[in-house]
Amino acid sequence: TNVLLVEANGAAAAAASAAKPLAQTLDYRFFVAGGVCAATSHGITCPIDVVKTRMQASPEIYNKGMVPAMLSIIKDEGPHVLATGLGPTIAGYGVEGAMKFGVYEIMKPITKSIIDNQAIAYITASIFAGAVASILLCPMESLRIRQVTDPEYADRGLLTGLPKLIKDEGLLSTFSGIWAMLAKQVPYTMGKQVSFDIFSRLIYSYLEGLKTNANEIFVKEDVKWLVSVSAAFIASIFACIFSQPGDMILTETYKGKNDRSVFGVIGDIYKTKGGLPGFFTGTGARIVHVGAIITSQLVIYDIVKQGLGLPATGSH
């Protein structure tokens, strides 16, 4: 009996020890900061996303670059079209950002306690966070792309468009692109948040190493905005490159009614859009779009975090 009691106590202690990192990092402030920065940055760049989505969906029409495509859309349909999908963008990415940043920050100490290599631990945490966020974002992204590419949904907002989509095609149809969403969001999360974390720390270390006087005190507070913007810019490049094929697959999956599997969508893109380069259609517009989103998003994230009493990324 005593042996069983000791074993039970040992198991309970082990469980409590495993749960300790989660309890220590389950901080609502990460979720709030993530939701605010994602909703704000994606909302501001909605017009760029409309142009990028049109270029991906109809490359035969919008094939002269981002600026000519934007001017053509404004001329043919009016400037208000550039705000198409703003409602689901703000709502969807607000929830997605809260979960992506929040879950990532929660998972980091857990994965670090299991995996010795910090970079791999961060990548593992980002994959988990990207998967959770993808599931929550799917219905909103489904509606947003339909609003941009399908005339039946062009004039409908979030409150009328989503019920129509569910009524016409069923709730499960809004998750039909889950594999495509994962193909986009998991590499995007990995490229964005892991590189932001790592490069923030590297830049702080580099700047600290520039001290000419051994007695000089390095004040991270003085350079935190330089570090945030620089690391965010680098993160935008990684995120864009890693997630571009998935973004193309996602747009093709949601742009119209179809029952194709993700592999069928990949095959169609390869056949109809010029082979492998077809997966990088609209890359120029997306570099501008993703760069603007990530740079603003991560700086806003750090501002909100610090306003809530948390340290800037990489400074601790």
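Flag: residue 223 does not match the condition of being farther than 18 Å from residue 280 by Cα, in contact with a helix residue (DSSP H, G or I) (Cβ under 7 Å, 6 or more places away or on another chain) and at pLDDT 85 or above.
Residue by residue through region 99-130, note down the ones that are assigned to a helix (DSSP H, G or I), farther than 16 Å from residue 195 by Cβ and open to solvent by 20 Å² or more (accessible area, probe 1.4 Å).
Result: 99, 107, 109, 110, 112, 113, 114, 128.
Residues are listed down the side, and each one gets a yes or a no for (1) part of a loop (DSSP other than H, G, I, E, B); (2) at pLDDT 80 or above:
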site: 56; (1), (2): no, no
site: 62; (1), (2): yes, yes
site: 69; (1), (2): no, yes
site: 74; (1), (2): no, yes
site: 80; (1), (2): no, yes
site: 87; (1), (2): no, yes
site: 91; (1), (2): no, yes
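The set of residues in region 258-283 being at pLDDT 80 or above and of a type in the set (Ser, Thr, Tyr) consists of 270 alone. So, of the residues in region 284-298 that are open to solvent by 40 Å² or more (accessible area, probe 1.4 Å) and over 10 Å from residue 45 (Cβ atoms), which turns out to be modelled with the highest pLDDT? Among residues in region 284-298 that are open to solvent by 40 Å² or more (accessible area, probe 1.4 Å) and over 10 Å from residue 45 (Cβ atoms), the one modelled with the highest pLDDT is 287. Would you mention how many residues in region 151-180 are among the acidic types (Asp, Glu), at pLDDT 80 or above and under 26 Å from residue 62 (Cα atoms)? Within region 151-180, residues that are among the acidic types (Asp, Glu), at pLDDT 80 or above and under 26 Å from residue 62 (Cα atoms) number 1. A Cβ distance below 7 Å, combined with a sequence gap of six or more or placement on separate chains, defines the contacts here; from region 100-124, residues that are modelled with pLDDT under 90 reach residues that are surrounded by fewer than 20 Cβ atoms within 10 Å (Cβ to Cβ) in the pairs 118/112; 119/198. Filtered by the rule that a residue be open to solvent by 10 Å² or more (accessible area, probe 1.4 Å) and within 24 Å of residue 286 (Cβ to Cβ), region 158-174 gives a lone residue, 158. Within region 160-174, the set of residues being of a type outside the set (A, V, I, L, M, F, W, C), in a helix (DSSP H, G or I) and either touching a His at 6+ places or on another chain (Cβ under 7 Å) or free of Cβ contacts under 8 Å to residues at least 60 places away in the same chain (or both) comprises 160, 163, 164, 167, 168, 173, 174. Of all residues in region 175-215, exactly one satisfies the criterion of being hydroxyl-bearing (Ser, Thr, Tyr), outside any helix (DSSP H, G or I) and surrounded by 15 or more Cβ atoms within 10 Å (Cβ to Cβ), namely 176. Among the residues making up region 131-147, those that are open to solvent by less than 10 Å² (accessible area, probe 1.4 Å) and either over 19 Å from residue 167 (Cβ atoms) or not in a helix (DSSP H, G or I) (or both) are 133, 134, 137.
The values are calculated or read from the model by the stated rules, or taken from the named source; none is laboratory data. The structure displayed is predicted, hence computed values, not measured ones. Don't worry about glycine lacking a Cβ; one is built from the backbone with ideal geometry, like all the others, and counts go over all protein chains shown. The area values use the complete protein model at the heavy-atom level, side chains included, leaving out ligands, DNA and RNA. Shrake-Rupley method; radii C 1.70, N 1.55, O 1.52, S 1.80 Å.
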